[in-house]
Amino acid sequence: EDDWERWLQRFERYRVVSGLGRKTQPEQVATLLYTIGNSADDLVTTLRINEGSDNYKQVLKKITDHFAQRTNTIAERARFNKRSQQPSEKIEEFIHALHHLADRCHYGTLRDELIRDRIVVGVRDDNLSEKLQSKSQLTLAEAIRISRQSEAYQESKDVIRSDCVTPVDYVKKVRKQTSFSSLASHQSPNQMSSANPTSPR
């Protein structure tokens, strides 16, 4: 059904730009079925579509209902409600996955609100989740914007931290050299000579 809905969106755009919507009903039905391709013949037989008497809207409803019946809405909604951001998943990938799942849930006008809610409870960062929950008038667009900004900030902070970390071995080496230099500066030449067995006598 998801593929059908996406395909139909593109076809409706074509119907507008081509002027198909102003043509006769049989022409619109024929164009629809022709564009669907070989599978249209099976649909005509299975759904008892009468290309001569059924108008465009009637044919469209029969095909759409046919695909809708093949989708288990309860199962799709359960899959949507269980979806959370995975450990290695970017926020953009998580949001895209939620939109894709919501397309199969038939949420209607509640779609954006439910995607927003799923972002709030499904993001991996607990601090981000709390920040989103604190906004009583949070919209889907705002939830997406804040989530993107939070991830970008966290990534830049991690980069800065990694650049500023000094290797432990290097720190030990510097401390050792500093300690030796400090000791040498307070010793007389005779003391340094006796302390270094390899020095010439």
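The values are calculated or read from the model by the stated rules, or taken from the named source; none is laboratory data. Just so we're clear, the structure is a prediction, and the values are computed from it rather than from any experiment. Neighbour counts run over all protein chains shown; Cβ positions are idealised from the backbone, glycine included. Note: accessible area is taken over every heavy atom of the protein model, side chains too, but ligands, DNA and RNA are not part of it. Shrake-Rupley method; radii C 1.70, N 1.55, O 1.52, S 1.80 Å.
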(request) Quote the FRET efficiency, to the nearest 0.05, computed for K90 versus S53 with a Förster distance R0 of 45 Å and r equal to the Cβ-Cβ distance. (result) 0.30
(message) For the pair W7/N127, report the inter-label distance in nm, with labels modelled 7 Å from Cα in the Cβ direction.
(response) 4.8 nm
(message) Going by average Cβ density within 10 Å per residue, which order do the peptides 109-117, 95-103 take, highest to lowest?
(response) 95-103, 109-117
(request) Please report the relative contact order for segment 1-85, taking Cα pairs under 8 Å with a sequence separation of at least 6, and give it as a percent rounded to a whole number. (result) 34 percent
(request) Could you calculate the FRET efficiency of H66 with D117 from 1/(1 + (r/R0)^6), where r is the beta carbon distance between them and R0 is 45 Å, rounded to 0.05? (result) 0.90
(message) Distance between the C-alpha centers of segment 84-123 and segment 125-155? Whole Å please.
(response) 13 Å
(request) Can you check how the C-alpha radius of gyration of segment 44-90 compares to 2.2 N^0.38 Å, as a plain ratio? (result) 1.89
(request) Using Cα positions and a limit of under 13 Å, work out the aspartates and glutamates in reach of K57, with same-chain residues fewer than 8 apart set aside. (result) E12, E27, D65
(message) Using only the heavy atoms of the protein chains and a 1.4 Å probe, how would E51, E89 rank by accessible area, largest first?
(response) E51, E89
(message) Can you give me the Kirkwood hydrodynamic radius for segment 1-140, using every pair of distinct Cα atoms, in Å to one decimal?
(response) 17.7 Å
